[in-house]
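Below is one structure, written out as structure tokens; the observations come after it.
No lab work stands behind these numbers, since they all come straight from the coordinates. Please read these numbers as outputs of a predicted model, since none were measured by experiment. Every residue, glycine among them, receives a Cβ derived from its backbone with ideal geometry; neighbour counts consider all protein chains shown.
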Amino acid sequence: MMGISFAFLIVSLFLDGILSNFLPFTVGNLSYFTPLFTVMSLFLIYSFFKKKDRKKYFYVIIIFGFIYDLLYTNLLFYHAILFIILGWVVVLLHKYLDTNYAMLLIEGAILVVCYQTFSTMLMVAFQIVPVTFYDFLYLVEHTMLINILYLELGFFLIRMLFKKYQFLSIN
């Protein structure tokens, strides 16, 4: 099951890079299809880790946060820290909310807002880029649609895998 979660994260990582190259990604000119697929995958792969393997989940997200930083941002440990924070958000979402197709819309929206909130807070705290509240809302608006669709598609694929190979329950 670890192999499936790694494969899913690797595919998401490369899709982030591929789509970012083809879609406009400048301030004031973001596409409505700005990908955060790796962030959405953090939510999806959580079901592959049993309760006793939760530490492994956090090791995986730290590693992929570090890889994300090396490939896309050149800010060492920026996404590693963000992914740890989002990992805790994912744990809380799975603990308190049921995961089904309808709730996935809300959970995906929460993840996008949390990612943009924590990212903006880090950018402001370390004075990386000046960000206004309008910029924050603009980022949230332009990252919501494609990422929730990706989350829904990924959930559907993982659910098919769970049924086919009879893994632990996704709910």
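Counting only other residues whose beta carbon sits under 14 Å from that of I106, what net charge do I get with K and R as +1, D and E as -1?
-3
Which net charge results for the neighbourhood of F155, defined as the other residues with beta-carbon distances under 14 angstrom from its beta-carbon, given Lys and Arg at +1 and Asp and Glu at -1? List each step's numbers first, then the result.
Values: positive: R159, K163; negative: D98, E107, E152.
So the surrounding residues net to -1.
Can you return the aspartates and glutamates within cross-link range of K163? Criterion is Cα-Cα under 19 Å, with same-chain partners fewer than 8 residues away left out.
Candidates past the 8-residue exclusion: D98, E152.
What is the helix-to-structure angle for 101-125, meaning the angle in degrees between its Cα long axis and the longest Cα principal axis of the chain, kept from 0 to 90 and rounded to the nearest 10?
Around 40 degrees separate the two axes.
Take the Cα of Q127, step 7 Å along the line toward its Cβ, and report every residue of the stretch 37-80 whose backbone nitrogen sits under 16 Å from that point.
In the stretch 37-80, the label zone of Q127 (backbone N under 16 Å from the point 7 Å along Cα→Cβ) covers no residue.
What is the helix-to-structure angle for 2-22, meaning the angle in degrees between its Cα long axis and the longest Cα principal axis of the chain, kept from 0 to 90 and rounded to the nearest 10?
Computed tilt is about 30 degrees.
Rounded to the nearest 10 degrees, what's the angle between the helix 78-96 long axis and the longest principal axis of the chain, both from Cα atoms, 0 to 90?
50
So how much slack lies between D53 and L161, counting 0.36 nm per residue of separation and subtracting their Cα-Cα distance, in nm? Intermediate values should be presented prior to the final figure.
Details: separation 108, 0.36 × 108 = 38.88 nm, distance 1.97 nm.
Length gained, D53 through L161: 36.9 nm.
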